[in-house]
Amino acid sequence: MPHHSKINPFLKTNNDTGFGSNANSYGGRFINKDGTFNLRREGSSYFNRFSVYQRMLNLPRWKFIVVILIFYFVINLLFSVSYLLIGPDQLQGMVAATPWGRFKEVFYFSTQTFTTVGYGRINPMGDGANLLSSLEALTGFLSFAIATGLIYGRFAKPRSYLAFSEKALISPYQDKTALMFRFVTYKDNHTLTNVEIKVNIALRVEENGKATYNFYDLALERYKVDNLPMNWTVVHAIDENSPIYGFSPDDIAASDAELYVLITAFDEVYSSVVLQRTSYTYQEMKFNAKFVPMYRESEDGMTTVLELHKLNEIREIQV
């Protein structure tokens, strides 16, 4: 673990990151690659901590679809069992002779009632079946209203649509050494404006015989761009004012270094500010490599082609 004297003592630490300094209280990285905090809350009931709305808005698309399908199947299964418990004789128009056939007919009747389609071949007769079908129709109305709100919320939620390079590089840059990573917007016709970036680095150091984390703002070659139609390579010059000046690969690993990246931008489509977080741990920092250019001129010379598949392409360099 690097001693504190390894770092320029005149550098100002950043106490506004939201993280504490006690090194023994943290497990793993601070920020996950997808921008979420590597944190688990305890000490309160699950239902007090759990938000269905927030969870459904942030689920991956395939999980959201699976949850909707499972809910639709389970709710109709429960209503089908309830109809059978009341008695299939309270449903008029059933023609199936086997138990499995009757169950299928009741299940399909439930789906038709839940969605208010109501084809009409099977209809409730007794009070129990009529009350249950009325309750199911109400449940269907409410369920579709909630599902519509969730779907709209997912579509209407502004997103940055940024992809980051898998590695951050520490390599010669122009006439100096620099730490670099890059990112790009990957959606067609999606250009962010007023893009600003802030990068901090967390270093585990030893102060007065105690392991602690210090956080430092990194000076960048450029903090802001007016538009982001292409990729942006973020560069931090490692000079005497850098907290990692003179660090070797072993020093980076021993300090448990982690970059914390925060990007804010204006999305013209939604007229809203969007943000994206990510991080790079010391395992994701590579020495002596450079990024391969990821844009070229089109064959007819009339267009610039941005090659998204080259975002993570690097080449080794000899020092």
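The values are calculated or read from the model by the stated rules, or taken from the named source; none is laboratory data. Given the structure is predicted, the values throughout are model-derived calculations rather than measurements. Methodologically, a virtual Cβ is constructed for each residue, glycine included, from the backbone with ideal geometry; neighbour enumeration extends over all protein chains shown.
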Exercise. Which fully enclosed strands (runs of 3 or more DSSP E) of the stretch 206-256 have 2 or more residues being within 18 Å of residue 29 (Cβ to Cβ) and over 27 Å from the mean Cα position of the chain (by Cα)?
Worked result: 210-217
Exercise. Which residue out of 166, 196 is closer than 21 Å to residue 263 by Cβ, assigned to a strand (DSSP E or B), modelled with pLDDT of 90 or more and of a type in the set (D, E, K, R)?
Worked result: 196
Problem set entry | Checking residue 62 against (1) surrounded by 11 or more Cβ atoms within 10 Å (Cβ to Cβ); (2) assigned by TED's automatic domain parsing to the domain that holds residue 147; (3) at negative phi, the condition it does not meet | (1)
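Out of 276, 283, report the one residue that is farther than 16 Å from residue 236 by Cβ and in a helix (DSSP H, G or I).
On the way: 276 fails: in a helix (DSSP H, G or I).
It is 283.
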Problem set entry | Sole exception among (1) within 25 Å of residue 147 (Cβ to Cβ); (2) at pLDDT below 90 for residue 123, by number | (1)
Problem set entry | Selection within the stretch 131-163 - in a helix (DSSP H, G or I), more than 30 Å from residue 86 (Cβ to Cβ) and of a type in the set (A, V, I, L, M) | 150, 151, 156
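Does residue 254 satisfy being within 27 Å of residue 304 (Cα to Cα), crowded, with 17+ Cβ neighbours inside 10 Å and aliphatic (A, V, I, L, M)? Before the answer, list the steps.
Values: within 27 Å of residue 304 (Cα to Cα): no; crowded, with 17+ Cβ neighbours inside 10 Å: yes; aliphatic (A, V, I, L, M): yes.
Against the criterion (within 27 Å of residue 304 (Cα to Cα), crowded, with 17+ Cβ neighbours inside 10 Å and aliphatic (A, V, I, L, M)), residue 254 does not qualify.
What are the residues in the stretch 290-318 that are more than 20 Å from residue 161 (Cβ to Cβ) and basic (Lys, Arg), if any?
Taking the stretch 290-318 first, the residues more than 20 Å from residue 161 (Cβ to Cβ) are 290-293, 296-303, 313-318.
Across the stretch 290-318, the qualifying residues are 290, 296, 315.
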